[in-house]
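First the structure, in the form of structure tokens, and then the observations on it.
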Amino acid sequence: MTKALNEFLESNLKELKDNGLYNEINVVEGANGAEITIDGRKMINLSSNNYLGLATNETLKQAAKSAVDSHGVGAGAVRTINGTLDLHVELEETLAKFKGTEAAIAYQSGFNCNMAAISAVMNKHDAILSDELNHASIIDGCRLSKAKIIRVKHSDMDDLRQKAKEAVESGQYNKVMYITDGVFSMDGDVAKLPEIVEIAEEFGLITYVDDAHGSGVMGKGAGTVKHFGLQDKIDFQIGTLSKAIGVVGGYVAGSQQLIDWLKVASRPFLFSTSLAPGDTKAITEAVQMLMDSTELHDKLWENGDYLKEGLKSLGFDIGHSETPITPCIIGDEKTTQQFSKRLMEEGVYAKSIVFPTVPKGTGRVRNMPTAAHTKEMLDEALKVYEKVGKELGVLS
Ligand SMILES: *Cc1c(COP(=O)(O)O)cnc(C)c1O
């Protein structure tokens, strides 16, 4: 190996390991369902984003298999050459219906979506107001656009109004956009979209909502924008197809004109091969399922409420989540990591999240209940939480 590379890798890996920040990756043996097996041990899984349990749904598995039979395993090209299959068109029409917009465009991932959409519209003559807790892919997408990035305090509408006013009145920028997550995944809180829309209208801001954790969860399944009835007020509705939808991919839903532009100007659409046929068909089936019935959505919320109620009555601090995402706030970083490790030893897989992902002293174990969990699993998880909580002195 080149000396310069070797030195770089060795010193950086060592630093991570010395500081206890080197992430050891767990390998799941088999499917990522409500229970998972790691190192031969079966555990209750409270760490996936598979909110509706669709990752292992039988109907979707069959849909994927039949599309592989009819269309093969790969799309063969990028969308603009000849990688646009009838399956992609069907998916995009279904997504637009689902989100209540004129049109939609699918990408290979939610991450890719933010790489694609922001820089297709914003450039160095523009400014982007961005909530400080926005997802990493939004931050990278903003950087890629070369627009001026202005951080806004988390869900602070006074700060947003102030900074929007300054940016617009400075006369320095051609366009100003506001970007926010729909649901923030660390605390489970929801963006204040009605106030955001009001401020955006006052200052002529372009609005961009990344609803990766809201789709399938909020608005009876259709997402946070639908939850507030603001489909025709938000310019960009971004979603992922890998969380509640259970497969892989991402999309932008919006006006026909916006989607027409993204199809000619967004680089991951032009230069990266389109979604595979099996995935595409399974996604369309999943979205259709969510439009036909709220059964899975209702079950998800029932399970979320049950887990929250259980943890709260044991005496845990579960923060101020407005969604099924259930943080259990432990406090200092060491205890939080120890807590998560003990949960796993007792058969509950729930990951710790600590500084710098969340502020110092607010380390938490984050629980993601899904529609696929049974009451028995949740009861067992609560029993383990009580045991570990007492053992580590988090509960008295
Ligand atoms: C998870 C997530 C993404 C990335 O989605 P993938 O489909 O997994 O690439 C993008 N934005 C937000 C807000 C997310 O939570």
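Where a number appears in this text, it was derived from the coordinates with a stated rule and is not lab data. None of the values given here were measured: they were computed from a predicted structure. Ideal geometry is used to build each Cβ from the backbone, glycine not excepted, and the neighbour counts take in all protein chains shown.
In what sequence do D279, D379, D39 fall when counting other Cβ within 10 Å, fewest first?
D39, D379, D279
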Expected sort for S242, S66 with the fewest Cβ neighbours (10 Å cutoff) up front is S66, S242
In this structure, among K146/K233; K299/K351; K61/K243; K220/K375; K233/K299, pairs with alpha-carbon gaps over 18 Å are K146/K233; K299/K351; K220/K375; K233/K299
Note on the range 102-207, DSSP bridge orientation, antiparallel percent to nearest 5 equals 10
Cβ density ranking, 10 Å radius, fewest first, applied to L16, L311, L129, L144 yields L16, L144, L311, L129
Expressed to two decimals, the range 142-182 has a Cα Rg over Rh, using the Kirkwood radius, of 0.95
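Specify whether the C-alpha gyration tensor of the chain places it in the rounded, prolate or oblate class, a ≥ b ≥ c being the square roots of the eigenvalues: rounded for a/c under 1.5, otherwise prolate if a/b is larger than b/c and oblate if not. Walk me through the intermediate numbers first.
Working: a/c = 1.45, a/b = 1.23, b/c = 1.18.
Because its axes are fairly even, with a/c under 1.5, the chain counts as rounded.
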